[in-house]
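Notes follow once the structure below has been shown.
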Amino acid sequence: MLSLREATGSLYGAYRLARFDAGGMAFFDTSVDGFWRSFYAAAMVAPFYAVLLALRYSLEIDPPHPMRFFLLYADAYVISWLAFPVVMAGLSGIIGRQPQFTRYIVAYNWAAVLQNALYLPLAMLQASESLPRDAGNLFGLIVLVAVLVYIWFITRTALVVAATTAAGIVAVDFFLTLIIHGFIEGRL
């Protein structure tokens, strides 16, 4: 079971990493149990993701059946949280970083809470059309670049890899996300 102390410590570690402070890694439980508990981060983000989905659904011009919409996006959410760690389990062995795999996924998962805290409010403003389209697109691009740089720093720090290797891993993560969401969009 995840304790409040571990959750707050992990979120603080993610915050430190967001400030490009490699010392943030010291705040994570990188044991095998800590690895599995880091997936509680998905539960922390889920309510906000559900609100975003409800908002998006309410603005659909020709909405699909609500159950289909929500189940497909719930599938995408779960698959997104699981697919990248599975890919990284294999990739970390290929690049000779298997011993750092657990610490990387722990930091990666907890960082997702901060990423979503930044992204989801913007996405909600865009979906509700409370933000002009051009401004929303500009802010969205800025947030995307910031998140990619953040993930790059975590990758480089936790896996102890070269900058180019970290960039390649971030690209794999990004394209995997695009593939998952593209598949779901196609199913709607």
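Brief remarks follow.
- Considered as a group, the residues in the range 82-129 that are at pLDDT 95 or above and aromatic (Phe, Trp, Tyr) include one that is farthest from the chain's Cα centre (by Cα), and that residue is PHE101.
- Tabulated pairs, the range 172-188, first touching a residue at least 24 places away in the same chain (Cβ under 8 Å), second part of a helix (DSSP H, G or I) and of a type in the set (Ser, Thr, Tyr), C-beta under 7 angstrom, 6+ apart or interchain: THR177/SER80; ILE180/SER80; ILE184/TYR73
- Tallying residues that are out of contact with any Asp or Glu (no Cβ under 8 Å at 6 or more places or on another chain) and within 19 Å of TYR108 (Cβ to Cβ) within the range 123-175 yields 32.
- Pairs are defined by a Cβ separation below 6 Å, a sequence spacing of at least 6 or placement on different chains, a first member in the range 80-105 that is in contact (Cβ under 8 Å) with a residue 24 or more places away in the chain, and a second member that is of a type in the set (D, E, K, R) and surrounded by fewer than 17 Cβ atoms within 10 Å (Cβ to Cβ); no pair meets this definition.
- Pairs with Cβ under 7 Å, 6+ apart, first in the range 1-19 and free of Cβ contacts under 8 Å to residues at least 12 places away in the same chain, second buried (at least 16 other Cβ atoms within 10 Å of the Cβ) and assigned to a helix (DSSP H, G or I): ARG16/GLY24; ARG16/PHE27
- Candidate set: the range 146-168, residues that are free of Cβ contacts under 8 Å to residues at least 60 places away in the same chain, surrounded by 18 or more Cβ atoms within 10 Å (Cβ to Cβ) and of a type in the set (Val, Ile, Thr); chosen: the one farthest from ILE95 (Cα to Cα): VAL147
The values are calculated or read from the model by the stated rules, or taken from the named source; none is laboratory data. Treat the numbers as computed from the prediction; the structure is a model and nothing was measured. In this analysis, Cβ positions are derived from the backbone assuming ideal geometry, glycine residues included, and neighbour counts consider all displayed protein chains.
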